[in-house]
Each structure stands twice: as structure tokens, then as C-alpha cells.
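Novice: To start, I am sharing the structure in question, which I have written as C-alpha cells.
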Amino acid sequence: MGRVKLEIKRLESTGNRQVTYSKRKCGILKKAKELSILCDIDILLLMFSPTGKPTMLHGQHSCIEEVISKFAQLTPQERTKRYGNGFLGLQQIGEEYSYSTPFGTVKL
């Protein structure tokens, strides 16, 4: 007996949303870590739970600043080409980096 295909849409129940996030968070962190090791890539994964709690993962061979710096060096045209218009990107402000989200600006 196979699995039932789950329709991907926003969960209306706040409780169900939090439970689903908690269960799937471990899986996506594991996959990101495996990808980093198998392909020897720099990776930075930043997630915020439905309650706003941050979770971050970065590769074993890189630090956060290196990955952000590498990404920040992309031109706006390269970012648009790679990530589409829906991606807002990083902006360098002096020595700090900030990331614009629909919920506000995150300073790194």
C-alpha cells in the first residue's frame, strides 16, 4: 500500500503548522547536511518556525560569514537570473549584511 499524495498548501491550524514544522525540520536539516558533505559545497540554511524561533545550519568546512560574503558578491543580475524576481537578496551595509524578508530586515 502506497502513501497518500499530500496537497501542498498552507495549514490553517496553528498547532498543526507547528507540529508539521517540527517533524519536517529535522528531515530538511539532515538533507542539507548530507548535500554539503556529499558534494563538498558551502551551505547556509536559515529557517524560522511559525513562532519565530530561528534554526540555522552551515556546512562543516565553511563559516557563516564566508557563505554570506560569497553570495553578496553576486551582482543583482546574477541573483535575478539564479533565483528569480521573488528573491530579495542580501545587501551590504558597511561591514554588516542584512537580508530583507516580507516580515522585516534581518541583520547579520
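Novice: Using a 10 Å cut-off on Cβ atoms, rank the peptides 10-18, 52-60 from the highest mean neighbour count down.
Specialist: Numbers: 10-18: 10.3, 52-60: 12.8.
Final packing ranking: 52-60, 10-18.
Novice: Students often forget the sequence filter, so: which lysines lie under 22 Å Cα-Cα from Lys81 once same-chain residues fewer than 8 apart are removed?
Specialist: Here the lysines satisfying the reach criterion relative to Lys81 are Lys70.
Novice: Spin-label point model (7 Å from Cα, Cβ direction): what's the Thr20 to Leu35 distance in nm?
Specialist: 2.0 nm
Novice: Let me check something: with ligands and nucleic acids excluded, how do Val67, Val19 order by accessible area (1.4 Å probe), largest to smallest? Kindly include the intermediate steps, with their values, before the conclusion.
Specialist: Values: Val67 25, Val19 75 Å².
Ranked from most to least accessible, the order is Val19, Val67.
Novice: Let me ask something additional. Would you mind checking which residues have amide H under 5 Å from Ser49's amide H? H placed 1.01 Å from N; only 5 or more apart, or other chain.
Specialist: Amide H to amide H, under 5 Å and 5 or more residues apart or across chains, Ser49 pairs with Thr55.
Novice: Ok, one more. Using a 7 Å offset from the Cα along the Cα-to-Cβ direction at both Glu65 and Ser49, what is the distance between the two label points in nm, to one decimal?
Specialist: Using points 7 Å along Cα→Cβ, the separation is 3.0 nm.
Novice: So, taking all protein chains as they sit and a 1.4 Å probe, how much accessible area belongs to Ile41, in Å² rounded to tens?
Specialist: 70 Å²
The values are calculated or read from the model by the stated rules, or taken from the named source; none is laboratory data. Because the structure is a prediction, the values reported are computed rather than measured. Here Cβ is always computed from backbone atoms with ideal geometry, including for glycine, and neighbour counts include all displayed protein chains. The protein model used for the area step is the full one, side chains on, heavy atoms only, and it has no ligands, DNA or RNA in it. Shrake-Rupley method; radii C 1.70, N 1.55, O 1.52, S 1.80 Å.
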